[in-house]
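Chemist: Below are the structure tokens for one structure; questions will follow.
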Amino acid sequence: MVMMSFTELDDDTVRSMAIGAVFSDFGGKINWVDFHRKEDLLVTASDDDSVRLYDIANAKLVKTTNHKKHGADRVCFTHHPSSVICSSKYNLESTGESLRYLSMYDNRCLRYFKGHKQRVVSLCMSPVNDSFMSGSVDHSVRIWDLRVNACQGILRLRGRPTVAYDQQGLVFAVAMEGGAIKLFDSRSYDKGPFDTFLVGGDTAEVCDIKFSTDGKSMLLSTTNNNVYILDAYGGEKRCGLSLEPSPNTPIEATFTPDGQYVLSGSGDGTLHAWSINMRKEVASWNSHIGVAACLKWAPRRAMFVAASTVLTFWIPNDSKSTAEPVMVDTEVGAES
């Protein structure tokens, strides 16, 4: 698998994407994946209670840690390349230990964050400081600081909240019941939202929200597999995409780093790419892994990952050859 640094994409490069490596030794579905912002690293959390760290430049599993007591649901990198925040699946009501700050280097829990008594469904790290946010089915968003155990702020909301910071860390968005998206100044969120958008005509819960790298667009995925691209300043709907339903498996969509394309899974096991400016589909592929619940494009590379119970790395196939993807020996470098 040959890695390419990211350059501005065109339709031909997007169409050429193909599977370059496959990791298939997971003991359950992969719940979430996250790329480090500055290093060639990927982290996954899965139903087999494992958190796994990958070197994406070499398609190599670097480390596996197991979390039988708490489980592994949502996961995201902190700024340090070997530490992550992971949400728990088990014992939430009894322990309140809904979030853990984990060192992948020496398999230690550096801090527990207690507060949510129900599952965390959205988790994101500030791109500029030690703040992070979690959204839970307990109808709250909590703001935290890695250096402090106690919650720094709470927003009470209707429905299942989904959260995201913009790329500068100045603004965060909270999507909630009824298709409402509220924007907050991250330095004075206690004053309430400075703007509210409504995604007209769709009242399904938003299961994921992302800002484009240039901050001009927002990407929403809903529980009924609709995907919307919104203008991040005025909230106008730039385009909407309806995909095949996948009961009990919400799909994820992702921007490319240049903000020119959106990729998404679908309930029929296909992957799709659209040009935002041209408002047209430019590519579709068989995912080869069933419904891809997790889908993210790497911040600094011409690659994306798609995951179900299997993790696949997709890269441009410049040779146009029919070579088989690399089946990786996932035992190398693995530790429990």
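Read-outs throughout are calculated quantities, based only on the coordinates presented, and are distinct from any laboratory measurement. Note that this is a predicted model, so its numbers are computed, not measured. Neighbour counts run over all protein chains shown; Cβ positions are idealised from the backbone, glycine included.
Chemist: Taking the Cα centre of the chain as origin, work out the dipole magnitude from +1 charges on Lys and Arg Cβ and -1 charges on Asp and Glu Cβ, in debye rounded to 20. Spell out each step's value before the answer.
Modeler: Values: 35 positive and 40 negative charges, 194 e Å.
Once rounded to the nearest 20, the dipole reads 920 debye.
Chemist: With the contact rule set at Cα under 8 Å and sequence spacing of 6 or more, what percent relative contact order holds for the stretch 168-242?
Modeler: Values: 144 pairs, mean separation 14.8, N = 75.
Reported as a whole number, the value is 20 percent.
Chemist: Could you compute the longest span of the chain free of GluC sites (Glu not before Pro) located in DSSP loops and having at most 11 other Cβ atoms within 10 Å, not counting the site residues? Display every interim value, and only then the final one.
Modeler: Numbers: sites that count: Glu8, Glu236, Glu331, Glu335.
That would be 9-235.
Chemist: Among Tyr90, Tyr54, what is the fewest-to-most ranking by other Cβ atoms within 10 Å? Please list the in-between numbers first.
Modeler: Numbers: Tyr90 14, Tyr54 26.
Taking fewest neighbouring Cβ atoms as first place, the list is Tyr90, Tyr54.
Chemist: Next up: Return the calculated 222 nm mean residue ellipticity for the chain, to the nearest 500 deg cm²/dmol, obtained by summing -39500 (n - 2.57) across DSSP H runs with n ≥ 4 and dividing by the residue count.
Modeler: On the way: 2 runs with 9 residues, N = 336.
When only DSSP H runs of four or more count, the value is -500 deg cm²/dmol.
Chemist: Now, a different point. Roughly how many debye, to the nearest 20, is the charge dipole of the stretch 30-156 about its Cα centre, given +1 on each Lys and Arg Cβ, -1 on each Asp and Glu Cβ, and no other charges? Let's see the in-between values first.
Modeler: Numbers: 18 positive and 14 negative charges, 52 e Å.
Dipole magnitude for the stretch 30-156 comes out near 240 debye.
Chemist: Let me ask something additional. Would you work out which of Ala18, Gly96, Val282 lies farthest towards the positive end of the dipole of the chain, given +1 charges on the beta-carbon of Lys and Arg and -1 on that of Asp and Glu, about the Cα centre?
Modeler: Result: Gly96.
Chemist: Please name which of His80, Ile154, Gly135 has its Cα lying farthest along the dipole of the stretch 30-156 towards the positive end, using unit charges on Cβ (Lys, Arg +1; Asp, Glu -1) and the Cα centre as origin.
Modeler: Ile154
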